[in-house]
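Some notes on the structure that comes next.
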Amino acid sequence: MKDFDIGTLVAVLRELLGPWLWVSLGVAAVAAVAFLYVVVRDRGVVPSRLVWSEVVAIGGGVAAVLITQRVTHSGFSDLGGPIDWVLLAALFIAGAIGTLIAAYAAFGLMCGGSRRRTVHAATPRADGYAPLARQASPRL
Amino acid sequence: MDTSSLRLGRRALLASGGALAAVGASLPARARVGTRARIVILGAGAAGLAAAARLSQRLEGAEITLVDSRREHLYQPGFTLVAAGLRRPDYVVGRTADYIPPGVRWIEERAAVIDPDARRVTTASGQLVHYDFLIVATGLELDYAAIEGMDVSRIGRDGLGSVYAGPEAAAATWRAMSEFADRGGVALFGRPSTEMKCAGAPIKYAFLTDDTLRRRGNRGRAELVYNSHNRVLFSVPIVSEKVRMLFRDRAIRVNHEHELAAIDLGAKIATYRTPTGLVPMKYDFINVVPPMRAPEVVRRSPLAWQSGPFAADGWVEVDRATLRHRRYREVFALGDVAGVPKGKTAASVKWQVPVAVDHLVADIAGTTSAEAYNGYTSCPLITRVGRAMLVEFDYDDNLVPSFPGVIAPLEELWVTWMMKEVGLKPTYLAMLRGLA
Ligand SMILES: Cc1cc2nc3c(=O)[nH]c(=O)nc-3n(C[C@H](O)[C@H](O)[C@H](O)COP(=O)(O)OP(=O)(O)OC[C@H]3O[C@@H](n4cnc5c(N)ncnc54)[C@H](O)[C@@H]3O)c2cc1C
């Protein structure tokens, strides 16, 4: 590829997705902002919510792989060399991370700002032990 | 030619961020050269549109004119996907008008006469268009008439296919191939001995037919034969050898030095020219790839090669590194019509256009350009639906992979198929806008 840079990539993505490029960037931005909002609001990551988001994220990763294969008239039997597996893994990871962020934000917004389920970093107890939840699943 | 009249010193106007945003570009900010030069581009296909876009990005005040009567823009690399039943014909059809850069004039006519001595072009209606610089980008002509008995209107019937003849013909070819894949029989493939665009396309179609038969469980009922016009299967030796091995693997039989000379569409007999005379072959399906030549307006002009291997078919006599005409310095040729040893692909256009544009702009600015085209040509050689090889090479038959060590050129990969099916069209369209 001659002169392949970020500008070329944006131009190609614009041709590929048309207005959907802005829609998908918008959705990604909304999810990211919502995620940050929820994390800041709760002053940390809620472990149980994260676990459920991770479960959903696996589905998102699988969906990314299957949708790509469907759109491109291809399947697992077409994987030929190592780079194909790398691409497959990259698609899975990208789909999973995107879904994780969106799912965590969505769960967080649905649950409202419940402080009870939030793990606080430093709330020393009178007996000197760290809170149980913190021991079981450290704050991320 | 004396371009001094065009040189307005080095009145380089710095492109503002706003100007760049206007063309939607993220190109590095570059000085735009001011000029009143008249630049005429014949052909608004892949090369003509990409050149118009690049020139309007780099020049300020130039009078750029595109001459082409075709209102539809055809994304030809997609023809193969249409002929594989994976896309509808409208996937490959766009509007020329959508890709003409702002400020560029479009004369919706064919060029009828090129007079490089008088530096003017006459259109089909007799309009005279004068130029200071000319870019010939008329693509090539499919010479179906050179095959005795061939009738383009019958593509899609009686086992006759021809992927090259246009979007509808590609779709009709799929119908004929699909019917064949249900029934079985003998299928013939091959290519002409002339220069041709996307030399991998006939090979791809043999593989796609094999794949379709296998998916339908009918491979055992079919015999596939690839008739090569010469003693190899591809002009690049290492690729030729790889294709030979793949053909052996898929049980596609090969005949060498067989070129389609005539066809009897009713009796379904194709007759091949061979060193030992004419050889008739019965078929149930055939993919006809016609001989290809420069369009008549170029063949008849003084711009064509006068001698040597490119003379017979009228390709434009250009320097292989700069794409500049060897006798008329203000003339360039880009894309399929250029008389260079390699480079009849859209991928080559992507590499050729910036080179020729840089030389042209340097002429106007009174400088010189060191840009050179190395013959880069690329072909995603589909070996079945879902897999392809990314074959990239230069004038010297060197493999020049874009992703060395990552995407192996001679390996059948899914990633390459993804590039072909997802990445190629948007990259091509971005190229038309001068952004890739
Ligand atoms: C089946 C097939 C598969 C292909 N696969 C690939 C691929 O996988 N990868 C790849 O990179 N390339 C591929 N190509 C090749 C690629 O499409 C061409 O090389 C590319 O389009 C060449 O661009 P061009 O501008 O030279 O010609 P074109 O895009 O054909 O444009 C030529 C233009 O000139 C105009 N014209 C003709 N005569 C005149 C005249 N007298 N006056 C004015 N205008 C005129 C025509 O109307 C047309 O608009 C494929 C082509 C085909 C047919």
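Points to keep in mind about this one:
- Within region B:323-356, tally of residues that are within 13 Å of the chain's Cα centre (by Cα), more than 14 Å from chain A (Cβ to nearest Cβ) and either open to solvent by 10 Å² or more (accessible area, probe 1.4 Å) or polar (S, T, N, Q) (or both): 3
- Taken over region B:322-355, residues that are within 12 Å of the ligand (Cβ to nearest atom) and assigned to a helix (DSSP H, G or I) amount to 11.
- So B:A112, is it farther than 30 Å from B:L208 by Cα, open to solvent by less than 50 Å² (accessible area, probe 1.4 Å) and outside any strand (DSSP E or B): no
- Just so you know, in region B:65-103 the residues that are farther than 30 Å from B:V385 by Cβ and crowded, with 20+ Cβ neighbours inside 10 Å include one that is farthest from the ligand (Cβ to nearest atom), and it is B:I100.
- Test: residue in region B:207-219 that is modelled with pLDDT of 95 or more, open to solvent by 50 Å² or more (accessible area, probe 1.4 Å), under 22 Å from B:Y75 (Cβ atoms) and of a type outside the set (S, T, Y): no
- Looking only at residues of region B:160-177 that are away from the ligand (no atom under 12 Å from the Cβ) and away from every other protein chain (no Cβ under 14 Å), we find that the one that is nearest to B:R214 (Cα to Cα) is B:M177.
- Matching residues in region B:243-254 - criterion: being surrounded by fewer than 16 Cβ atoms within 10 Å (Cβ to Cβ) and either part of a strand (DSSP E or B) or touching a residue at least 12 places away in the same chain (Cβ under 8 Å) (or both): B:A251, B:R253
- Some residue of region B:115-138 being assigned to a loop (DSSP other than H, G, I, E, B), within 12 Å of the ligand (Cβ to nearest atom), surrounded by 16 or more Cβ atoms within 10 Å (Cβ to Cβ) and more than 14 Å from every other protein chain (Cβ to nearest Cβ): yes
- Candidate set from region B:407-426 (those that are touching a helix residue (DSSP H, G or I) at 6+ places or on another chain (Cβ under 6 Å) and without any contact (Cβ under 8 Å) to a residue 12 or more places away in the chain); member that is nearest to the other protein chains (Cβ to nearest Cβ): B:P426
- Just so you know, in region B:357-393 the residues that are closer than 30 Å to A:G75 by Cα and among the charged types (D, E, K, R) include one that is nearest to the other protein chains (Cβ to nearest Cβ), and it is B:R387.
- For region B:277-321, a residue qualifies if it is β-branched (V, I, T) and outside any loop (DSSP other than H, G, I, E, B), and the qualifying residues are B:V279, B:I286, B:V297, B:V298, B:V316, B:V318.
- The set of residues from region B:146-159 being surrounded by fewer than 24 Cβ atoms within 10 Å (Cβ to Cβ) and either within 16 Å of the ligand (Cβ to nearest atom) or on the phi > 0 side of the Ramachandran plot (or both) comprises B:G149, B:V152, B:G156, B:D158, B:G159.
Let's see how each residue does on (1) of a type in the set (G, A, S); (2) more than 23 Å from B:G139 (Cα to Cα):
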site: B:A31; (1), (2): yes, yes
site: B:T35; (1), (2): no, yes
site: B:S56; (1), (2): yes, no
site: B:G85; (1), (2): yes, yes
site: B:V104; (1), (2): no, no
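- When residues in region A:62-86 are screened for being under 22 Å from the mean Cα position of the chain (by Cα), open to solvent by less than 80 Å² (accessible area, probe 1.4 Å) and at the interface with chain B (Cβ under 9 Å from one of its Cβ atoms), 2 of them pass.
- If you check B:P380, B:P409 for being open to solvent by 10 Å² or more (accessible area, probe 1.4 Å), in contact with a strand residue (DSSP E or B) (Cβ under 7 Å, 6 or more places away or on another chain) and part of a loop (DSSP other than H, G, I, E, B), only one passes: B:P409.
- Given (1) open to solvent by 10 Å² or more (accessible area, probe 1.4 Å); (2) in contact (Cβ under 8 Å) with a residue 60 or more places away in the chain, number of the condition B:D182 does not satisfy: (2)
- The residues of region B:383-399 that are closer than 30 Å to B:R329 by Cα and either open to solvent by 20 Å² or more (accessible area, probe 1.4 Å) or outside any strand (DSSP E or B) (or both), listed by number, are B:D394, B:Y395, B:D396, B:D397, B:N398.
- Positions within region B:401-435 being β-branched (V, I, T) and within 14 Å of the ligand (Cβ to nearest atom), in sequence order: B:T416, B:V422, B:T427
Quick grid of which residues meet (1) over 21 Å from B:E195 (Cα atoms); (2) within 16 Å of the ligand (Cβ to nearest atom); (3) of a type outside the set (S, T, N, Q):
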| residue | (1), (2), (3) |
| --- | --- |
| B:V254 | no, no, yes |
| B:A261 | no, no, yes |
| B:G266 | yes, no, yes |
| B:T276 | yes, no, no |
| B:V289 | no, yes, yes |
| B:M292 | no, yes, yes |
| B:V297 | no, yes, yes |
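The values are calculated or read from the model by the stated rules, or taken from the named source; none is laboratory data. Model, not experiment: these values are computed from the prediction. All Cβ positions, even for glycine, are placed from backbone atoms using ideal geometry, and neighbour counts span all protein chains on display. Side chains included, ligands, DNA and RNA excluded: accessible areas come from the protein's heavy atoms. Shrake-Rupley method; radii C 1.70, N 1.55, O 1.52, S 1.80 Å.
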